[in-house]
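Q: I am attaching a structure below and will ask some questions about it afterwards.
The values are calculated or read from the model by the stated rules, or taken from the named source; none is laboratory data. What you are looking at is a predicted structure, and each value in this text was computed from that prediction instead of being measured. Glycine gets a Cβ as well: all are built from the backbone with ideal geometry, and neighbour counts include every protein chain shown. What goes into the accessible areas is simple: the full protein's heavy atoms, side chains included, and nothing from ligands, DNA or RNA. Shrake-Rupley method; radii C 1.70, N 1.55, O 1.52, S 1.80 Å.
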Amino acid sequence: MITRPEPQATRFAAELTAALGGAVAPLCCPLMEEVALTPDRPPGPFAAVVLTSEPGVRAAVRLRGQGWALPSLAFCVGDRTAAAATAAGFAAESAAGAVQDLASLILSQPDKGPLLYLHGQDRAGDLLSLLPGRPVTEAVVYAQRALALSPEALAVIGAPGPVIVPLFSPRTARLFQQALPENIGARLVPVAMSANVAQALTGDLARAATVADRPDSHAMIAAISRVISPRVP
């Protein structure tokens, strides 16, 4: 049961099917949808943009089309975000990890001027606290509106059988747990992208959670594979 927003949900479902074939039957049930926000334009210039998600990249493209003068250099949290930024015309550098890795990447570079951090209303980590002394301007450029579980998802949860639930953010984990009905027939098996995501769960879900080795989709698929076949390394 894939709770990611679209288009990431459909893409991850395709990746799962390609990797695991008939061992999985993906059901896309996004618990959030992207909402574009347009804040006041901050004064520049900036040496680089900082991007921690693909929605952030889409927001950068939208704002650039609205006349924002964005620098070409983009510091990106992971490879997927960096690939999206590269496709959008940025010179992207990937930290290939989490927020801590992104901060390390930025601090390893010469300070060539202020940074513009484009992010959503909800963030999994506090990047600014990890960048002491670096001038950073924030802009909240999108929100993720919560969605209810779909009727298809509720039917699956109400029936007996195992249901693997990949969870990619602490907020998604909380939304999923809050959306669960009283009567659950399925055996729910959360697979969390990080320990931070797993810690957002409580009770039986927290005890049943498996945590991916790295915060990326390849590691999530590997973790799901281990849940399905525990002998898979």
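Q: If GLU138 satisfies every condition in (1) closer than 16 Å to SER53 by Cβ; (2) open to solvent by 40 Å² or more (accessible area, probe 1.4 Å); (3) out of contact with any strand residue (DSSP E or B) (no Cβ under 6 Å at 6 or more places or on another chain); (4) not hydroxyl-bearing (Ser, Thr, Tyr) but one, which is the exception?
A: (3)
Q: For residues that are open to solvent by 20 Å² or more (accessible area, probe 1.4 Å), under 16 Å from the mean Cα position of the chain (by Cα) and either of a type outside the set (Lys, Arg) or at pLDDT 95 or above (or both), tally how many sit in region 118-135.
A: 5
Q: Please name all residue pairs, on different chains or six or more residues apart, with Cβ atoms under 9 Å, provided the first residue is in region 167-181 and is more than 14 Å from PRO215 (Cβ to Cβ) and the second residue is open to solvent by 40 Å² or more (accessible area, probe 1.4 Å) and in a strand (DSSP E or B).
A: These pairs meet every condition: ARG171/ALA146; LEU175/ALA146; GLN178/ALA146; ALA179/ALA146.
Q: When region 89-117 is examined, which residues are found to be part of a loop (DSSP other than H, G, I, E, B) and either hydrophobic (A, V, I, L, M, F, W, C) or buried (at least 16 other Cβ atoms within 10 Å of the Cβ) (or both)?
A: PHE90, ALA95, ALA96, GLY97, ALA98, PRO114
Q: Also, I was wondering about something else. What pairs come up if the first residue lies in region 2-14 and is within 20 Å of ALA148 (Cβ to Cβ) and in contact (Cβ under 8 Å) with a residue 24 or more places away in the chain, the second is buried (at least 19 other Cβ atoms within 10 Å of the Cβ) and among the small types (Gly, Ala, Ser), and their beta carbons are under 8 Å apart, counting only those six or more places apart or on different chains?
A: ILE2/ALA9; THR3/ALA9
Q: Could you grab me the full set of residues in region 2-29 that are open to solvent by 20 Å² or more (accessible area, probe 1.4 Å) and under 18 Å from ARG174 (Cα atoms)?
A: ARG4, CYS28
Q: Right, another one. When region 19-41 is examined, which residues are found to be under 30 Å from GLY65 (Cβ atoms) and out of contact with any Phe, Trp or Tyr (no Cβ under 9 Å at 6 or more places or on another chain)?
A: Passing the criteria: PRO30, MET32, GLU33, THR38, PRO39, ASP40.
Q: Determine, yes or no, whether ALA159 is out of contact with any strand residue (DSSP E or B) (no Cβ under 7 Å at 6 or more places or on another chain) and either open to solvent by 30 Å² or more (accessible area, probe 1.4 Å) or hydrophobic (A, V, I, L, M, F, W, C) (or both).
A: Working: out of contact with any strand residue (DSSP E or B) (no Cβ under 7 Å at 6 or more places or on another chain): no; either open to solvent by 30 Å² or more (accessible area, probe 1.4 Å) or hydrophobic (A, V, I, L, M, F, W, C) (or both): yes.
Taking the combined requirement at face value, the residue does not satisfy it.
Q: Right, something else. Is it true that ARG58 is over 18 Å from the mean Cα position of the chain (by Cα) and either open to solvent by 40 Å² or more (accessible area, probe 1.4 Å) or among the β-branched types (Val, Ile, Thr) (or both)?
A: Criteria not met by ARG58.
Q: Looking only at residues that are buried (at least 21 other Cβ atoms within 10 Å of the Cβ) and under 15 Å from the mean Cα position of the chain (by Cα) in region 199-221, which one is farthest from PRO26 (Cα to Cα)?
A: Among those residues, the one meeting the criterion is ALA200.
Q: Within region 175-186, identify whether any single residue is open to solvent by 20 Å² or more (accessible area, probe 1.4 Å) and either on the phi > 0 side of the Ramachandran plot or in contact with a Lys or Arg (Cβ under 9 Å, 6 or more places away or on another chain) (or both), and answer yes or no.
A: no
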